[in-house]
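Participant: Sharing a structure below in structure tokens format, with a few things to ask.
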Amino acid sequence: MRHVSDSNTSTLAAREQRMPSIAAYVALIKPKQTALLLATGVGAYVLTASTQMDWPRFGIGMTALALAVSGCTVLNMVLDRDIDAMMGRTSARPLPGGEIDVRVATVLGMVMSLAGVGIAALLGTLFWAVVGCGFFFDLIIYTMWLKRRTPLSILFGGISGGMPALAGRVLVLGHIDAVGLLLAAGVVLWIPSHILTLSTRYAGDYDDAGVPVWPSVYGPTATRRVVAAATILAAAVLTVAGVLEHIAPVALVALIVIGVAVSALGLAALIRPSEKRNWLLFKAASAYMLGAFACLTLGAVI
């Protein structure tokens, strides 16, 4: 009897060891990155709708956006699992680490993506087109076609990053306008301060994985120039969007202040480069993007 009991215990332990944790599935969607992109969509919707919120439409639209972004991220993780396995920063992710089966992740990503794009279609052709455009540029153009070929891939991948903000605007208006394009452009211009600072810190990892990145191909000085210029332009573009939308003065002042602060960091990293300043800019850039859309959102409702 004791032998049978020990056998059952070993079998249960083996099953538990093979069963992926909830945290592993959550990691597949890169929750911080996904939440930040979703925040731009939420912010753009609230900025546009102001006090005239259509809560059911807002909830369904943001659900569609969240599913599309999350599903696309999972499929990216499937496609990039070989790269991730070769880099120390990403080798412990659920797919290269073997915690989640590739087939399971593929099905999960496809189901989430189809659900997100499908729900978006129910809310309007243009909203569906914007969400679908983001999905297409991220998965097909950036990940499948360009990422392993050229560091310029981030220019096209950045377009997908701007689509959630544009989608939030379109969901209210039903058409594309100048402010919507400015919001999307602000996110696209933010991408270098996020991606290029990361690739600067982990250039060796990317070289080992055979992925061409700006610091390795064009050099660190050119990379810092692009980051500084894009950071300043992102702050300027989002400030103009706030002015055109007539957000509350206190929110506009706050938007300008945080824009100047992140721009100053970008210039500091260019003029007096160091690993510490580069990494500080990486962290500050995400905080800025979240703060900027918070200013735009709150400035529209107070």
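The values are calculated or read from the model by the stated rules, or taken from the named source; none is laboratory data. Please read all numbers here as calculations on a predicted model, not as lab measurements. Cβ atoms come from the backbone with ideal geometry, glycine included; neighbour counts cover every protein chain shown.
Participant: Out of the stretch 267-288, which residues are closer than 21 Å to residue 39 by Cβ and either surrounded by 15 or more Cβ atoms within 10 Å (Cβ to Cβ) or among the hydroxyl-bearing types (Ser, Thr, Tyr) (or both)?
Facilitator: Of all residues in the stretch 267-288, those closer than 21 Å to residue 39 by Cβ come to 281-288.
281, 282, 284, 285, 286, 288, listed by residue number.
Participant: Let me ask you something else. Could you pull out the residue among 69, 107 that is more than 30 Å from residue 220 (Cβ to Cβ), hydrophobic (A, V, I, L, M, F, W, C), out of contact with any strand residue (DSSP E or B) (no Cβ under 7 Å at 6 or more places or on another chain) and surrounded by 16 or more Cβ atoms within 10 Å (Cβ to Cβ)? Write out each step before concluding.
Facilitator: Numbers: 107 fails: surrounded by 16 or more Cβ atoms within 10 Å (Cβ to Cβ).
Matching residue, one of 69, 107: 69.
Participant: From the list 153, 193, exactly one residue is free of Cβ contacts under 8 Å to residues at least 60 places away in the same chain and either of a type in the set (S, T, N, Q) or crowded, with 24+ Cβ neighbours inside 10 Å (or both). Which is it?
Facilitator: Numbers: 193 fails: free of Cβ contacts under 8 Å to residues at least 60 places away in the same chain.
Selected residue: 153, the only one of 153, 193 that is free of Cβ contacts under 8 Å to residues at least 60 places away in the same chain and either of a type in the set (S, T, N, Q) or crowded, with 24+ Cβ neighbours inside 10 Å (or both).
Participant: Report whether or not residue 232 is without any contact (Cβ under 8 Å) to a residue 40 or more places away in the chain and assigned by TED's automatic domain parsing to the domain that holds residue 285. Steps first, answer last, please.
Facilitator: Values: without any contact (Cβ under 8 Å) to a residue 40 or more places away in the chain: yes; assigned by TED's automatic domain parsing to the domain that holds residue 285: yes.
Yes.
Participant: How many residues are part of a loop (DSSP other than H, G, I, E, B) and of a type in the set (Ser, Thr, Tyr) when one looks only at the stretch 57-98? So that I can check it myself, show each step before the final result.
Facilitator: First, the residues of the stretch 57-98 that are part of a loop (DSSP other than H, G, I, E, B): 80, 87-98.
Among the residues that remain, those that are also of a type in the set (Ser, Thr, Tyr) are: 90-91.
Count: 2.
Participant: Output the residue which, of all residues in the stretch 99-151 that are over 18 Å from residue 175 (Cα atoms) and not in a helix (DSSP H, G or I), is nearest to the chain's Cα centre (by Cα).
Facilitator: In this case the residue turns out to be 147.
Participant: Continuing with the same structure: In the set 124, 168, 186, 161, which member is in the same structural domain as residue 273 (by TED's automatic domain parsing) and out of contact with any strand residue (DSSP E or B) (no Cβ under 8 Å at 6 or more places or on another chain)?
Facilitator: Numbers: 124 fails: in the same structural domain as residue 273 (by TED's automatic domain parsing); 168 fails: in the same structural domain as residue 273 (by TED's automatic domain parsing); 161 fails: in the same structural domain as residue 273 (by TED's automatic domain parsing).
So the residue among 124, 168, 186, 161 that is in the same structural domain as residue 273 (by TED's automatic domain parsing) and out of contact with any strand residue (DSSP E or B) (no Cβ under 8 Å at 6 or more places or on another chain) is 186.
Participant: Can you name the residue in the stretch 77-104 that is among the basic types (Lys, Arg) and either within 21 Å of residue 60 (Cβ to Cβ) or in contact with an Asp or Glu (Cβ under 9 Å, 6 or more places away or on another chain) (or both) and, of all such residues, is surrounded by the fewest Cβ atoms within 10 Å (Cβ to Cβ)? Steps first, answer last, please.
Facilitator: Kept after step one, since they are among the basic types (Lys, Arg), are these residues of the stretch 77-104: 81, 89, 93, 103.
So of that shortlist, the ones also either within 21 Å of residue 60 (Cβ to Cβ) or in contact with an Asp or Glu (Cβ under 9 Å, 6 or more places away or on another chain) (or both) come out as 89, 93.
Values: 89: 12, 93: 20.
Within the stretch 77-104, the match that is surrounded by the fewest Cβ atoms within 10 Å (Cβ to Cβ) is 89.
Participant: From the list 230, 254, which one is closer than 24 Å to residue 142 by Cβ, touching a helix residue (DSSP H, G or I) at 6+ places or on another chain (Cβ under 8 Å) and of a type in the set (Gly, Ala, Ser)? Lay out the reasoning, then the answer.
Facilitator: Values: 254 fails: closer than 24 Å to residue 142 by Cβ.
When all the criteria are applied, what remains is 230.
Participant: Another one. Looking at 218, 288, can you tell me which residue is aromatic (Phe, Trp, Tyr), more than 30 Å from residue 51 (Cβ to Cβ) and outside the structural domain of residue 130 (by TED's automatic domain parsing)? Show your work before the answer.
Facilitator: On the way: 288 fails: more than 30 Å from residue 51 (Cβ to Cβ).
One residue alone meets the criteria, 218.
Participant: Sticking with this one: Which is touching a Gly at 6+ places or on another chain (Cβ under 8 Å) and crowded, with 23+ Cβ neighbours inside 10 Å, of 250, 237, 187? Let's see the steps before the verdict.
Facilitator: On the way: 250 fails: crowded, with 23+ Cβ neighbours inside 10 Å; 237 fails: crowded, with 23+ Cβ neighbours inside 10 Å.
Criteria check complete, one pass: 187.
Participant: Look through 212, 220 and report the one residue that is within 19 Å of residue 157 (Cβ to Cβ) and not polar (S, T, N, Q). Please lay out each step first, then the result.
Facilitator: Working: 220 fails: within 19 Å of residue 157 (Cβ to Cβ).
Exactly one of 212, 220 is within 19 Å of residue 157 (Cβ to Cβ) and not polar (S, T, N, Q), namely 212.
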